[in-house]
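One structure is given below, encoded as structure tokens.
The values are calculated or read from the model by the stated rules, or taken from the named source; none is laboratory data. Values in this document were obtained by computation on a predicted structure and should not be read as measured data. Cβ sites come from the backbone with ideal geometry, for glycine too, and all protein chains shown count toward neighbours. To get the accessible areas, we keep the full protein, side chains included, count just its heavy atoms, and leave off ligands, DNA and RNA. Shrake-Rupley method; radii C 1.70, N 1.55, O 1.52, S 1.80 Å.
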Amino acid sequence: MPTYTVTVATGSQWFAGTDDYIYITLVGTEQCSERTLLDKPLYNDFERGAVDSYDVRVGEDLGDIVLVKIEKKKYWVLDDWYCRYITVKTPSGDYVEFPCFRWLVDDKEVVLRDGRAHLPQDDKTSVVKQHRQKELESRRKSIRWKEWQPGFPMSIDANRHKDLPRDIQFDSEKGVDFVLNYSKAIENLFVNQFMHMFQSSWSDFSDFERIFLRIKNTISEYVMQHWKEDFMFGYQFLNGCNPVLIQKCNKLPEKFPVTHEMVSVSLERDLTLEQEIKAGNIYIVDYEILDDITPNSTDPCTLQYLAAPICLLYKNAQNKILPIAIQLNQSSGENTPIFLPTDDQYDWLLAKIWVRSADFQYHQTITHLLRTHLMTEVFAIAMYRQLPAVHPVYKLLIPHVRFTIAINTKAREQLICEYGIFDKANATGGGGHVQLIQRAMKTLTFRSLCFPDMIKARGMDNKEELPTYFYRDDGYRVWEATKSFVSDVVCIYYTSDETVQGDEEIQAFIKDVCSFGMQDFDNCEFPKSLKSREELAEYLTVIIFTGSAQHAAVNFGQYDWCSWIPNAPSTMRKPPPTQKGLANVDTIIESLPDRGRSSWHLGAVWALSQYQENELYLGMYPDEHFIEKPVKAAMEKFRKQLAEISHSIKIRNDGKKLPYYNMSPDKIPNSVAV
């Protein structure tokens, strides 16, 4: 009687094991085995982290094993089980791997294909074709599109984290509870005593040190010491939390009437302002998108304010970027002065603080929330709905969307919802953040998510002109390494451009992103189909880069750059100044966040900057969705390239007072999960 040895691996995460009954059925090309209970006498089967083997006896040889069906039935109470993989040893001694990496909940069954990736056009038999179809039909029932707010990218149809399908939930919801994490942060930072002190101003700048956790030799301490200086202000546009806005100024906008006489003392090359612009030495940052956004009014005791400033920057002879003019409104006029470095020190400092506050709003809502979190969720939902687990692109993308839908659902549940944590300390809380995203969606295009295109569109691509734009330089290298890896994988499975065109599942995935995820918005310019391997490789690189490197670049430096409150005020309590000569320390302190809002802000940037326990960094793929040797070789090549990039970044950073490591691959998690 032929015997098949079945090896079953249970996950090592919390609560992965089960006491329920587990049954298996082997489906071969010739026939199926009997439904067999996997159970050893006097043994606790399927414990967390266990790898157990069982014999399945059959009357006759089953032929090639094409499917494995696993069923879980209640023993005492329903007990979820996480299965990593199943390996079947045939009577002839061959091993067939069946990756699973999913939860079995309730009295449900899972049917697995063997670990080799297959395009839809590769499947010839009705058994495997039907399996593909049934898997997608099941996924589409549980993973549905929903519009959370008008004008937003579409999101998952689930109001709470616990409503999500088990496979896309966090392993432990407690670990990502924003309320718990913020409370923990506030406790760790010793700011409990201040968190309820709304309307209570600090006494002076040094008073902010009472909630500032000094960690020796860190960027945050350096920011605290130098935040007032123009070089620090300018440097952050290149390598701070929001290095995506600065652009070369080819012509001064009419709404910003800066003259040569105003700024001549700041120019170092004996050129006029017009000549400096033509020489490529003038840069601009414009927060027009913030104009007329409704400021937070959730606290009737504290008026909060927003501004939409414009800032002119100058590259001096040492290649430092320095501010030379700031206007705090989008329209020039008598009540909209242009602030200059030659003004009174407090007028100039307050103007810079207003720019930093505007930058914080833009960063949190557009750069971070919209362009990494929400966009990765769109890609993830479309992937689950259109690509079965056997598809090579599903196997490629699944590590890079891990927990993204879960973290976003948790954010909508606790953070950015009405009366959520975001409302407590941010000037765009109470609905302003919703308005901002609705506006930003009108300029969000597919090409703006392609890293090299985004850099070039702002005129920031010349390394000789700006040798210290580390975000750009490191980003280029990570983008190229990622694209090289993706191209290797694409070429393993797609032998020609025609193969891409004939893959109905990948075409449905691309269309789902555009037509449903992006709702066919007029300006989004997302493709609705792909015609070549090159186009597919670029598209998949955008997805992986957005969820890994880009998110890391704009997320994990938040404590570094935003923990010193005056450098990144989450709100302002006085309106922007309309004339010069009135600012002093008191007016600035009264404008900055009060003690309570400062504490909530500090808790937020600390919590958001923390890496997850057991974090998986770019190139780490412990779940072996792919079993083919050529793909594993491509992964190894990718890891080697990433290690070389990390090493060169470490060498560059050695001895620097302001090291830049946010794009170092060894600090880039695989996915958006925080």
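A few remarks follow.
- Using a simple spin-label model with pseudo-atoms 7 Å out from Cα toward Cβ, Asn250 and Asp163 lie 4.7 nm apart.
- Paramagnetic reach from Val51 (point 7 Å along Cα→Cβ, amide N under 12 Å) across region 63-105: 85-87
- Each Cα pair of the chain feeds into the Kirkwood radius, which the Stokes-Einstein equation turns, at 10 °C and 1.306 mPa s, into a diffusion coefficient of 59 µm²/s.
- Partnerless Cys - the chain, beta-carbon criterion under 4.7 Å: Cys32, Cys241, Cys249, Cys301, Cys311, Cys417, Cys450, Cys491, Cys514, Cys524, Cys562
- For region 3-115, projected area of the alpha-carbon convex hull averaged over all directions, nm²: 6.5
- Phi to ³J(HN,Hα) by Karplus 6.51 cos²θ - 1.76 cosθ + 1.60 over region 153-164, Hz, x for Gly, Pro: x, 5, 10, 6, 7, 7, 7, 9, 4, 6, 7, 6
- Normalised size of region 415-526, defined as Cα radius of gyration per 2.2 N^0.38 Å with N residues, equals 1.45.
- Expressed as a whole percent, the accessible area of region 3-115 that falls on carbon and sulfur atoms is 46 (1.4 Å probe).
- Each of Lys315, Lys146 has its accessible area taken with a 1.4 Å probe; listed largest first, they run Lys146, Lys315.
- Relative contact order computed over region 3-115 (Cα-Cα under 8 Å; 6+ residues apart), in percent: 34
- When the helices of the chain are scored as -39500 (n - 2.57) per DSSP H run of n ≥ 4 and the total is divided over every residue, the value at 222 nm lands at -10000 deg cm²/dmol.
- Computed from backbone phi, the HN-Hα couplings of region 31-40 come to 6, 10, 6, 5, 5, 10, 6, 8, 7, 10 Hz, rounded to whole numbers (Karplus: 6.51 cos²θ - 1.76 cosθ + 1.60, θ = phi - 60°; Gly and Pro given as x).
- Projected area averaged over orientations for region 526-669, convex hull of C-alpha atoms, nm²: 14.7
- If you plug the beta carbon distance of Lys40 and Asp207 into 1/(1 + (r/R0)^6) with R0 = 56 Å, you get a FRET efficiency near 0.25.
- FRET efficiency estimate (nearest 0.05) - Cβ-Cβ, Phe152 to Asp344, R0 30 angstrom: 0.10
- Here the spin labels are modelled as points 7 Å beyond Cα on the Cα-Cβ line, and at Asn614 and Thr302 they lie 3.9 nm apart.
- For the chain: relative contact order, % (alpha-carbon pairs under 8 angstrom, 6 or more apart): 17
- For region 3-115, size of Cβ-based charge dipole, Lys and Arg +1, Asp and Glu -1, in debye: 240
- At a probe radius of 1.4 angstrom, the accessible area of the chain per residue rounds to 41 square angstrom.
- Each of Leu369, Tyr21, Met518 was placed along the dipole of the chain (beta-carbon charges, centred on the mean Cα), and the one lying farthest toward the positive end is Leu369.
- Karplus-derived HN-Hα couplings along region 434-446 (A = 6.51, B = -1.76, C = 1.60, θ = phi - 60°), whole Hz, x at Gly and Pro: 5, 4, 4, 5, 4, 5, 5, 4, 6, 10, 7, 10, 4
- The angle between the Cα long axis of helix 230-239 and the main principal axis of the chain comes to about 20°, on a 0 to 90 degree scale.
- Nearest 10 degrees, 0 to 90: helix 470-493 Cα axis against the chain principal axis: 20
- By the Cα gyration tensor, region 204-305 has an equivalent ellipsoid whose semi-axes, rounded to whole angstrom, run 32, 23, 13 from largest to smallest.
- Where a label projected 7 Å from the Cα of Gln438 along Cα→Cβ would reach, residues of region 276-303 with amide N under 19 Å: 288-298
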